[in-house]
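Here's the structure we're looking at; comments come further down.
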Amino acid sequence: MPSTALLKRDWQKQHVYMVQYPRCRPLPNLSPWSLKLETWLRFADIPFTNISNEFKKFSSKGQVPFIELNGRQIADSNIIIEALKQEFGKANMEPSDPKEQALARAFSALVEDHFTWVQGALRLKSGFDFLFTDDFFGRYHGTGLKRRMIQFAAKRWVKKVGHDRSQAQGMGRHNADELVEMGKEDLKAISIYLGDKPYFGGDRPTTIDATMFGHLASIVYIKSADGILLKYITETCPNLVQFVQRIKEKYWPDWEETCSTMNMNAHHKKD
């Protein structure tokens with residue numbers, strides 16, 4: 001339920017408490033916005049501790065992830081990042097060139113407001129069965145009859161909510177072939193934007209890199225029913241796969257431990 005009440009009552013000053021969904025095995029978090037924000041915190045080298053929302057705790061806006069900082073709650077990954085840049089003096093996390101800043105903003109909108117809906121609509125058509133395995137969230141559903149009943153109700157809820165939102169946004173009105181072509185065109189544009197640079201911002205990671213990593217990692221590390229976009233990104237946009245691997249290797253040294261143990265704080269312990 002949405003709430004303004006703090007989850008961390010004994011908080012430390014200038015320490016970020018990031019509330020996100022529980023861990024998964026294929027990648028640290030299924031939510032691209034959670035993966036984006038945690039990756040950004042690692043870029044910025046800001047002290048933080050993760051807190052699992054256990055599917056019960058949401059921000060006052062009803063969003064996940066959200067953070068608690070110095071006794072106050074901040075929601076929405078983009079608003080959080082802007083607040084943290086000011087609080088911790090991280091203005092240099094963005095390109096200095098105004099044109100590059102504009103490009104970064106435009107491509108962030110492309111991946112967060114278009115491509116993510118393409119992915120969601122495609123998964124809705126192929127099914128979300130992977131969500132209910134123990135590698136994702138099935139471990140919260142108990143065993144035996146209880147598990148079957150919870151999963152039956154959860155699958156109906158996910159399908160209905162996903163369908164309603166996808167239809168309202170408009171992406172769900174397209175067929176699978178149309179969605180695949182849209183996804184390919186988005187990936188092609190993103191690949192051209194990256195080019196042969198190590199990061200979208202040039203020689204060092206900026207916010208756009210955390211955003212892209214959060215949204216592209218699921219293509220690389222989650223097996224879909226048909227694997228069309230994974231095949232496309234691997235064969236046509238190998239620079240994007242290399243980018244994802246580069247971020248993983250440099251900023252997620254605890255990736256394997258995090259995914260195998262599903263520990264919320266395998267590497268970034270409380271300072």
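For Asn29, the residues 5 or more places off, or on other chains, whose built amide H falls under 5 Å of its own are Cys24.
For the chain, the extents of the C-alpha atoms along the principal axes are 50, 46, 35 Å, listed from largest to smallest.
Size descriptor for the range 16-93, Kirkwood hydrodynamic radius: 12.6 Å (Cα pairs only, one decimal).
Shown in residue order for the range 178-193 are the 3J(HN,Hα) couplings computed by the Karplus curve 6.51 cos²θ - 1.76 cosθ + 1.60 at θ = phi - 60°: 5, 5, 4, 5, 4, x, 4, 5, 5, 5, 4, 5, 5, 5, 5, 4 Hz (x for Gly and Pro). Backbone phi angles across the range 56-66, fed through the Karplus curve with coefficients 6.51, -1.76 and 1.60 (θ = phi - 60°), yield HN-Hα couplings of 10, 10, 10, 5, 4, 8, x, 10, 9, x, 8 Hz in residue order; Gly and Pro are listed as x.
When the alpha carbon coordinates of the range 116-271 are projected onto the principal axes, the ranges are 53, 46, 25 Å, largest first.
Any read-out appearing in this document is the output of simple, stated calculations on the displayed coordinates, not a laboratory observation. Please read these numbers as outputs of a predicted model, since none were measured by experiment.
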